[in-house]
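**Student:** Here it is, the structure in full.
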Amino acid sequence: AVALLGAGAMCGCATSQKAERPEPPTLRGWDEFRQASEDERIWMGGQPSQEALDRFAAESNGRGLVLNLRTDEEMAFLPYYERSVVSHGLDFVHIPSKGSELDQPEVEAYAQVRAEHDGPVLLHCRSGGRASYIWVMDKMRAEGWSADEASAWLAAYYKKPVGERGTALLTRYE
């Protein structure tokens, strides 16, 4: 199954500004993905390599879902990515999102996808930051975590304190 969920529509207006060219993605191996928690089969990280997709497909026994949080602009260098995911026998969902703009619509879209899919999930963005934030924001929504609890989980996950921008994002969402 393939789905595209968006948090908003794009304006088709022309501008005189030059569009920024996105950087080619850094592809992450399976060893760079981390399980969100021992009781959930959700792995989070950056843009997966073919090797990572191979390993996730094997790990999920054909029941896996790849949930991509990268924007369309970020995916410009990977036009066949969705096709590659599906060729591994995995489901694919795209929720385009910008890290600084994560909020209720993206969290609700994520929660809906998770409610409809009970198998393993490979949740990714460019580096894994958005993936981990949307995961903790869903914990705030579903389990009543406070911004402090979400920050503490992120600090333990990354083994470093949450920065000001991350704290502001969680506080705004709370």
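Quick note: the coordinates plus some simple rules give every number you see, no bench work behind them. Only a predicted model underlies this, so the values are computations on that prediction, with no experimental measurement involved. Neighbour counts run over all protein chains shown; Cβ positions are idealised from the backbone, glycine included.
**Student:** Please state the Cα pair-distance histogram of the range 29-73 with 5 angstrom bins from zero: what percent is in each bin?
**Tutor:** The calculated distribution, bin by bin, is 5, 20, 30, 29, 11, 4, 1.
**Student:** Taking only DSSP H segments of four or more residues, each worth -39500 (n - 2.57), what value at 222 nm results for the chain once the sum is divided by all its residues, to the nearest 500 deg cm²/dmol?
**Tutor:** Only helices count here, giving -12000 deg cm²/dmol.
**Student:** Here is a further query. Rank A168, P120, P25 by how far each Cα sits towards the positive end of the charge dipole of the chain (+1 on Lys, Arg Cβ; -1 on Asp, Glu Cβ) and give me just the farthest.
**Tutor:** P25
**Student:** Beyond 15 Å, what share of the Cα-Cα pairs of the range 74-157 is found? Please give it as a whole percent.
**Tutor:** Taking all Cα-Cα pairs of the range 74-157, the fraction more than 15 Å apart is 62 percent.
**Student:** Here is a follow-up. What is the dipole size for the chain, taken about its Cα centre, with +1 at each Lys and Arg Cβ and -1 at each Asp and Glu Cβ, in debye to the nearest 20?
**Tutor:** Dipole about the Cα centre, nearest 20: 400 debye.
**Student:** With an 8 Å cut-off on Cα pairs and a minimum separation of 6 or more residues, tell me the relative contact order of the chain in percent.
**Tutor:** 25 percent.
**Student:** Further question: For the residue pair A58 and A115, what label-to-label distance in nm results when each label sits 7 Å from Cα along the Cα-to-beta-carbon direction?
**Tutor:** My value for the distance between the label points is 3.6 nm.
**Student:** Which value results when the Cα radius of gyration for the chain is divided by 2.2 N^0.38 Å?
**Tutor:** After normalising by residue count via 2.2 N^0.38 Å, the value is 1.02.
**Student:** Classify the range 120-172 as rounded, prolate or oblate, taking a ≥ b ≥ c as the square roots of the eigenvalues of its Cα gyration tensor: rounded when a/c is under 1.5, otherwise prolate if a/b is larger than b/c and oblate if not.
**Tutor:** Oblate shape, in that a/c is at least 1.5 and b/c is the bigger or equal ratio.
**Student:** I would also like to ask the following. Just D91, D39, D72 to compare: in a GNM of the chain, with alpha carbon springs under 10 Å, which one fluctuates most?
**Tutor:** Evaluated over the chain, the most mobile residue of the options is D39.
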